[in-house]
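Nothing in this text is a laboratory measurement; each read-out follows from the coordinates by a stated rule. This is a predicted model, so every value here is computed, not measured. Every residue, glycine as well, gets a Cβ built from its backbone with ideal geometry; the counts of neighbours run over all protein chains shown.
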Amino acid sequence: MKKIAGNPLIKTDSKGRIFVDLVSLEDFLKNFDTPIMIFLENRIIINVNTFQNVFKSVFGENKFFCFYSMKANFLPEICQIISSLGIGSEIVGLPELKLALKNGFPPEKIIIGGPYLPKNVIFESVKNNIKEIIVYNLNILKSIDLIAQKSGKVQNICLRVNSGKFDSRLGLNLNEKNLEKLKNLIKECKNIKITTILSHYTTQMNNLEKFLKNIELISENIKKLRKIGINIENINLGGGFPEATIMKEKQLIEIARSMKKTIESSNVEYNQIFFEPGRYFVGDAGLFLTEIISVNEDRWIFLNIGNNICPKFAKCSLRFYNISQINKPHKYKTSIAGIVPTDQDVLAKDYFFTEEINENDKILITNVGAYSLTFSNRFPYALPKMFLVKDKNYKLIFDPNINHDISIF
Ligand SMILES: Cc1ncc(COP(=O)(O)O)c(C=O)c1O
């Protein structure tokens with residue numbers, strides 16, 4: 001059996017049959033109309049375990065902790081798989097908080113924050129004893145302090161610092177003015193404790209350099225904070241790892257080792273190191289089954305999904321396969337458009353595909369497990385049916401005729 005898209009759980013045999021885990025795609029195509037979205041439970045488990053094993057072996061069992069960036073995919077079934085593996089969650093707001101608590105993430109394993117922290121988010125976080133609130137600007141600290149004070153608690157805080165990437169506007173810039181402001185704030189605010197510093201560099205980081213740059217930035221900021229009397233306990237390096245089929249275990253090990261070395265050589269001391277992967281856990285565990293609805297003379301094909309559910313914003317490493325002709329060479333340039341009626345709905349340009357392209361050919365798109373749903377929009381087409389596959393079984397987890405909406409409320 002040959003792997004498809006480098007994914008050990010998507011395979012084809014010499015007869016051209018394709019299996020996702022132990023289920024034949026024919027089963028889906030016989031029983032359901034496309035488009036269909038499939039998630040592979042075993043792939044998520046493998047990815048989580050690989051990530052945990054690599055980082056625990058490099059940094060030490062008790063030094064490392066991992067929070068799943070739930071915005072990558074917030075379907076309850078996906079959250080349950082990940083929470084059952086002992087991972088925490090990193091979330092941005094109240095809908096996710098409710099979902100995280102309901103789907104097995106205990107409060108002491110949840111960190112919450114983002115550029116928008118309305119009072120009700122702070123209130124619910126303090127009330128539920130959430131591990132840390134992540135702040136992107138200093139003005140919010142007083143509100144957190146006040147709410148914590150009223151509840152008779154001390155709230156742990158993580159400072160998200162600006163990654164220094166040329167176009168990043170997210171997070172704190174610890175310049176002299178802000179350091180002075182922070183110094184005064186911590187004198188004043190007795191019900192907050194700054195415990196952690198976070199820098200998330202970007203998504204889809206495929207080279208070591210970016211990971212190391214992130215560490216340099218963190219260590220510079222830790223030193224600045226030390227000068228104003230704040231001793232950071234934990235380092236949070238965010239996410240940014242590509243899909244697991246793109247970043248092989250060997251590369252992950254090298255990255256983890258180099259990170260450790262860089263941290264050691266910068267003389268930064270810490271209790272624990274945190275990561276917040278999203279894409280690495282779920283990216284290659286998601287796929288679409290779709291089909292060609294029309295073919296233009298100039299080798300443009302139109303599929304029955306588009307940016308409405310497979311959005312560019314998601315930055316997935318999309319791979320396309322003509323599964324009606326899986327054993328034919330995929331080496332003829334073809335451009336792939338979606339169904340949103342705008343010329344901007346392009347899924348791929350000049351992609352290597354089969355020579356023959358026919359209406360109704362079934363197409364497999366891989367690596368769509370992360371951010372596709374998050375960034376999908378409400379363009380008035382039905383959402384696809386969604387299935388969760390494990391071993392030789394599958395179950396319907398989303399039916400647009402019943403569920404209508406993937407919203408998390
Ligand atoms: C602060 C933070 N942490 C973690 C992540 C997860 O990133 P990824 O899915 O690339 O691992 C993101 C994604 O945007 C983020 O903004």
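Below, the figures for the structure above:
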| item | result |
| --- | --- |
| The chain: angle of helix 249-265 to the longest principal axis, Cα-based, in degrees nearest 10 | 20 |
| Gap separating the Cα centres of segment 347-389 and segment 1-70, nearest whole Å | 17 |
| Dimensions (Å) - the chain, Cα atoms, principal axes, largest first | 70, 45, 40 |
| Distance (nanometres) between label positions extended 7 Å along Cα→Cβ at Tyr116 and Lys261 | 4.3 |
| In segment 197-257, trypsin sites (Lys or Arg not before Pro) in a DSSP loop with at most 13 other beta-carbon atoms within 10 Å | Lys248 |
| Exposed GluC sites (Glu not before Pro) absent - longest run of the chain, DSSP non-H/G/I/E/B, at most 16 other C-beta within 10 Å | 62-232 |
| Relative contact order of segment 106-277, defined on C-alpha pairs under 8 angstrom at six or more residues apart (%) | 18 |
| Too-long pairs where the Cα-Cα distance tops 23 Å, listed order kept, from Lys71/Lys102; Lys2/Lys248; Lys127/Lys223; Lys248/Lys349; Lys127/Lys190; Lys190/Lys213 | Lys127/Lys223; Lys248/Lys349; Lys190/Lys213 |
| Under 5 Å, built H, 5+ apart or other chain: amide partners of Arg319 | Thr366 |
| Ratio of Rg to Rh over segment 363-409 (Cα coordinates, Kirkwood Rh, two decimals) | 0.97 |
| Under the Karplus curve 6.51 cos²θ - 1.76 cosθ + 1.60, θ = phi - 60°, whole-Hz ³J(HN,Hα) for segment 193-199, x wherever Gly or Pro sits | 9, 7, 10, 9, 10, 10, 9 |
| Residue-count net charge about Asn401 - beta-carbon cut-off 13 Å; Lys, Arg +1, Asp, Glu -1 | -2 |
| Electrostatic dipole magnitude of segment 106-277 [Cβ: Lys, Arg +1; Asp, Glu -1; Cα centre; debye, to 20] | 480 |
| Rounded Å value of the spacing that divides the Cα centres of segment 76-127 and segment 245-267 | 28 |
| Rounded if a/c under 1.5, otherwise prolate or oblate - segment 304-409, Cα gyration tensor axes | oblate |
| Distance (nanometres) between label positions extended 7 Å along Cα→Cβ at Asn175 and Asn137 | 1.5 |
| Segment 147-211 pair-distance distribution - Cα-Cα, 10 Å bins, rounded % | 18, 39, 27, 13, 2 |
| 18 Å reach of a label modelled at Gln344, 7 Å along Cα-to-Cβ, counting backbone N of segment 375-400 | 375-381 |
| Neighbour net charge for Phe281 - beta-carbon separation under 11 angstrom, K R +1, D E -1 | -1 |
| Cut-off 11 Å between beta-carbons: net charge of the residues surrounding Asp21, Lys and Arg +1, Asp and Glu -1 | +2 |
| Proximal aspartates and glutamates relative to Lys187, as straight alpha-carbon distance under 16 Å, when same-chain residues fewer than 8 apart are discounted | Asp145 |
| Long pairs among Lys3/Lys395; Lys193/Lys227; Lys63/Lys390, criterion Cα-Cα beyond 25 Å | Lys63/Lys390 |
| Anisotropy class of segment 215-298 from Cα gyration tensor, a/c 1.5 cut | prolate |
| Largest to smallest principal axis extent of the C-alpha atoms in segment 30-182, angstrom | 64, 34, 34 |
| Anchor Lys30: aspartates and glutamates whose Cα lies under 18 Å away (excluding residues fewer than 8 positions away in-chain) | Asp21, Glu291, Glu359, Asp361, Asp399 |
| Relative contact order, percent, the chain [alpha-carbon distance under 8 Å, six or more residues apart] | 19 |
| Cubic angstrom per residue, convex hull over Cα atoms of segment 106-277 | 119 |
| Spacing of the two label points (7 Å from each Cα toward its C-beta) at Gln149 and Lys102, in nm | 3.5 |
| Counting DSSP beta bridges with both ends in the chain, the antiparallel % (nearest 5) | 50 |
